[in-house]
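The values are calculated or read from the model by the stated rules, or taken from the named source; none is laboratory data. The structure displayed is predicted, hence computed values, not measured ones. With ideal geometry, Cβ positions are generated from the backbone for all residues, glycine too; neighbour counts draw on all protein chains shown.
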Amino acid sequence: MDHQAQAIHCRAIYAIVFLVFCLPAASPAPAQVPVRTSNPAPAGLTPILNYISLAWNSLTRSMTECDSVVDPKMSQASVLYIPADMPEPTSVRQMASHCNVDVEPLPITIHKLGELDTSQFHPQGLLYLPNKYVVPGGRFNEMYGWDSYFIIRGLLVDHRVSLAKSMVDNLVYEIDHYGKILNANRTYYLSRSQPPFTTSEILAVDRHLKPGAASKVWLLKSLKAAYQEYKDVWMKPPRFVARYGLNRYYGQGRGPCPEVEAGHYDRELAPYVGKRPFANTRTPEQLYQKLLHAYQTNLNFVYPNKILENFFIQDRAVRESGNDTTYRFDDRATDFLTVDLNSLLYKTETDFIALMKKGVIPSHGAYGTLAHWQARANHRRQEMMKLMYDPKSHLFFDYDMKK
């Protein structure tokens, strides 16, 4: 199998795996979250369950703990940034004093994606979240977008409903104050999101809440934010491609990402070492640092080589997809209408349809209309079948808009 055939085969396999996970879940009645019974676990499982239980605790972060602000990906001390329109909470003030952390307001109130140039933050820092959350661990000491879906499901199975709800509340807070669900809550992630599991997360937690007025208010507030994200992030350019009525990933921002590991861009930067406008560079790492500085200090800086400039656009898009950093998109991430993203948005649409038909939310107003959701879901399904489904192989493929 040649390289191109391998790439197509891998892309198809990935797409169908995601389809298996996402499209069946788009039925009008969301699948029930499995809940561990109260029966004693088999003896062999006890150490594993104990390990998981301890791991939840060790990976939980909050804005009152010093280790929450630390960023293993950056060499300089991190800053805690709070929304521009929010007074500094007492708990943050106390943590800042105790942990010797600088707290700064964001330069503007964020209303939509892309309002802030993330390259202009110096130093980069943590974005405030009001509730506790679980991090992946290792280099990743912040709350991530699509990682949180799987973490929330695990928390619910382990009967940690309060912590799972806190994470959904943080996602809603991100939509309200940062314009979207973030790749993660660091300033360098303000320009991109991640695969949208929002309604799935909300509904999963809601099924574990005690029925009543308080849980109904929580559900309506959360779903209103989910609609806002769907409408303002995913259904607007550049992520929404009107020609097809489908979606792609598109991480906004300029230049190389500041959070990458040393040497990550060496292969891409090597051909440009020692060339203008940085003729005095001798290594890819030197060029990387020069580029970072140029983008940080000059809002109008554009690297003269369009191939490299475009590479950074594609690199940010693949990071938004959650497939960072793989060769799934062959450095052309923005050219693809992807099966996974459109499957997840189809599920969002059918979730709202089901909720409106059940009378959980009104079929008009702050949540859109039933007719709107039905039209969007029907169009998406038809276009995915037309553009992405191959009847010969019975596989769905990402659609390449350039080829």
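If you filter the range 137-157 down to residues that are assigned to a loop (DSSP other than H, G, I, E, B) and at pLDDT below 95, you find that the one that is surrounded by the fewest Cβ atoms within 10 Å (Cβ to Cβ) is 138.
Please go through the range 309-333 and give me each residue that is touching a helix residue (DSSP H, G or I) at 6+ places or on another chain (Cβ under 6 Å) and in a helix (DSSP H, G or I), ordered by number. Scanning the range 309-333 gives 311, 314, 317, 318, 333.
Only one of the listed residues (95, 86) is part of a helix (DSSP H, G or I) and in contact (Cβ under 8 Å) with a residue 24 or more places away in the chain. That residue is 95.
Of all residues in the range 355-368, count the ones that are assigned to a loop (DSSP other than H, G, I, E, B), under 26 Å from the mean Cα position of the chain (by Cα) and at negative phi. Write out each step before concluding.
Filtering the range 355-368 for residues assigned to a loop (DSSP other than H, G, I, E, B) gives 358-364, 368.
Pick out the ones that are also under 26 Å from the mean Cα position of the chain (by Cα) and you get 361, 368.
Then keep just the ones that are at negative phi; that gives 361.
Total meeting the criteria: 1.
If only residues of the range 354-375 that are of a type outside the set (Ser, Thr, Tyr), buried (at least 16 other Cβ atoms within 10 Å of the Cβ) and in contact (Cβ under 8 Å) with a residue 40 or more places away in the chain are counted, the one that is farthest from residue 211 (Cα to Cα) is 368.
The rows are residues; the columns are (1) part of a loop (DSSP other than H, G, I, E, B); (2) not aromatic (Phe, Trp, Tyr).
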| site | (1), (2) |
| --- | --- |
| 166 | no, yes |
| 177 | no, yes |
| 191 | yes, yes |
| 202 | no, yes |
| 221 | no, yes |
| 237 | yes, yes |
| 244 | yes, no |
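In this structure, is residue 231 closer than 21 Å to residue 350 by Cα and surrounded by fewer than 17 Cβ atoms within 10 Å (Cβ to Cβ)? For residue 231, the condition - closer than 21 Å to residue 350 by Cα and surrounded by fewer than 17 Cβ atoms within 10 Å (Cβ to Cβ) - is met. Take the range 46-74 and flag every residue that is assigned to a helix (DSSP H, G or I) and within 11 Å of residue 99 (Cα to Cα). Of everything in the range 46-74, those that are assigned to a helix (DSSP H, G or I) and within 11 Å of residue 99 (Cα to Cα) turn out to be 66, 67, 68.
Only one of the numbered conditions (1) in contact (Cβ under 8 Å) with a residue 40 or more places away in the chain; (2) closer than 24 Å to residue 73 by Cα; (3) touching a Lys or Arg at 6+ places or on another chain (Cβ under 9 Å) is not met by residue 187, and that is (3). Restricting 225, 242, 213 to those that are free of Cβ contacts under 8 Å to residues at least 60 places away in the same chain and under 20 Å from residue 379 (Cα atoms) reduces the list to 242. Every condition in (1) more than 26 Å from residue 136 (Cβ to Cβ); (2) modelled with pLDDT of 50 or more holds for residue 53 except the one numbered (1). Restricting to the range 388-399, and then to whatever is in contact (Cβ under 8 Å) with a residue 12 or more places away in the chain and farther than 14 Å from residue 341 by Cα, can you tell me which residue is surrounded by the most Cβ atoms within 10 Å (Cβ to Cβ)? Across the range 388-399, the extreme among qualifying residues is 395.
Which of the residues belonging to the range 204-213 are surrounded by fewer than 22 Cβ atoms within 10 Å (Cβ to Cβ) and not in a loop (DSSP other than H, G, I, E, B)? Full working, then the answer.
Taking the range 204-213 first, the residues surrounded by fewer than 22 Cβ atoms within 10 Å (Cβ to Cβ) are 204, 206-213.
Those that are surrounded by fewer than 22 Cβ atoms within 10 Å (Cβ to Cβ) and not in a loop (DSSP other than H, G, I, E, B): 204, 206, 213.
Restricting attention to the range 258-281, the residues being of a type in the set (A, V, I, L, M, F, W, C), modelled with pLDDT of 95 or more and under 34 Å from the mean Cα position of the chain (by Cα) number 4.
Scanning the range 115-123 turns up no residue that is closer than 23 Å to residue 216 by Cα and touching a residue at least 24 places away in the same chain (Cβ under 8 Å). Restricting attention to the range 234-264, the residues that are surrounded by fewer than 20 Cβ atoms within 10 Å (Cβ to Cβ) and on the phi > 0 side of the Ramachandran plot add up to 2.
Number of residues in the range 277-308 that are surrounded by 11 or more Cβ atoms within 10 Å (Cβ to Cβ), without any contact (Cβ under 8 Å) to a residue 60 or more places away in the chain, closer than 22 Å to residue 116 by Cα and among the polar types (S, T, N, Q) equals 3.
Could you list all residues from the range 340-371 that are of a type in the set (A, V, I, L, M, F, W, C) and modelled with pLDDT of 95 or more? Write out each step before concluding.
As a first pass, look at the range 340-371 and keep what is of a type in the set (A, V, I, L, M, F, W, C): 341, 344-345, 352-356, 360-361, 366, 370-371.
341, 344, 345, 352, 353, 354, 355, 356, 360, 361, 370, 371, listed by residue number.
Given the conditions (1) of a type outside the set (D, E, K, R); (2) under 28 Å from residue 231 (Cα atoms); (3) assigned to a loop (DSSP other than H, G, I, E, B), report the number of the one that residue 126 does not fulfil. Of the numbered conditions (1) of a type outside the set (D, E, K, R); (2) under 28 Å from residue 231 (Cα atoms); (3) assigned to a loop (DSSP other than H, G, I, E, B), the odd one out for residue 126 is (3).
Scanning the range 115-124 for residues that are more than 15 Å from residue 177 (Cβ to Cβ) and not polar (S, T, N, Q) gives 117, 121, 122, 123.
Applying the criterion of being surrounded by fewer than 18 Cβ atoms within 10 Å (Cβ to Cβ) and more than 16 Å from the chain's Cα centre (by Cα) to the residues of the range 314-331, the residue that is nearest to residue 272 (Cα to Cα) is 331.
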